[in-house]
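Notes follow the structure.
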Amino acid sequence: MRRDVFQAIADPTRRAIIALIALQAMTPNAIAEHFDITRQAVSKHLRILSECELVKQEQQGREIYYTLEIEKMKQIDKWLEQFRKIWETRFSQLDNLLSTIKKQRKQ
């Protein structure tokens, strides 16, 4: 089944896993130590993240390490950019309104 990045980040555990492996590559066992869930549950989350291409696996000896796919994260950032612009505009409008109110009170 093909999934998209938004399905991956919809779950708080997967967002936490993303935050962990953004700092360094980790094995599934190392990731599981940070959560109060089973190793199998962590594996399921990693499988979904892999299907969404947000993480990649790298074999090092007997261990598999998961790393974050930064390029795929850019899809999320691109989607969020439209909302960032809206909020920046609204904050600017609010700043202008507050400045106007402040000037009127001084008069």
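Taken together, the values in this text are just the output of simple stated rules run on the coordinates, not laboratory data. Model, not experiment: these values are computed from the prediction. Cβ coordinates were reconstructed from backbone atoms using ideal geometry, including for glycine residues, and neighbour counts include every protein chain displayed.
I'd like the residue in region 1-15 that is within 16 Å of the chain's Cα centre (by Cα) and of a type in the set (A, V, I, L, M) and, out of all such residues, is surrounded by the fewest Cβ atoms within 10 Å (Cβ to Cβ). Break it down stepwise before answering.
Start the filter on region 1-15 by keeping residues that are within 16 Å of the chain's Cα centre (by Cα), which leaves 3-15.
Among the residues that remain, those that are also of a type in the set (A, V, I, L, M) are: 5, 8-10.
On the way: V5: 18, A8: 23, I9: 16, A10: 10.
Selected residue: A10.
Scanning region 51-69 for residues that are farther than 16 Å from I31 by Cα and surrounded by 15 or more Cβ atoms within 10 Å (Cβ to Cβ) yields E51, C52, E53, E69. Can you report the number of residues in region 5-23 which are more than 23 Å from Q40 (Cβ to Cβ) and free of Cβ contacts under 8 Å to residues at least 60 places away in the same chain? Going through region 5-23 one residue at a time, the tally reaches 2. Only residues that are surrounded by 14 or more Cβ atoms within 10 Å (Cβ to Cβ) and under 19 Å from W79 (Cβ atoms) were counted in region 16-45, giving 1.
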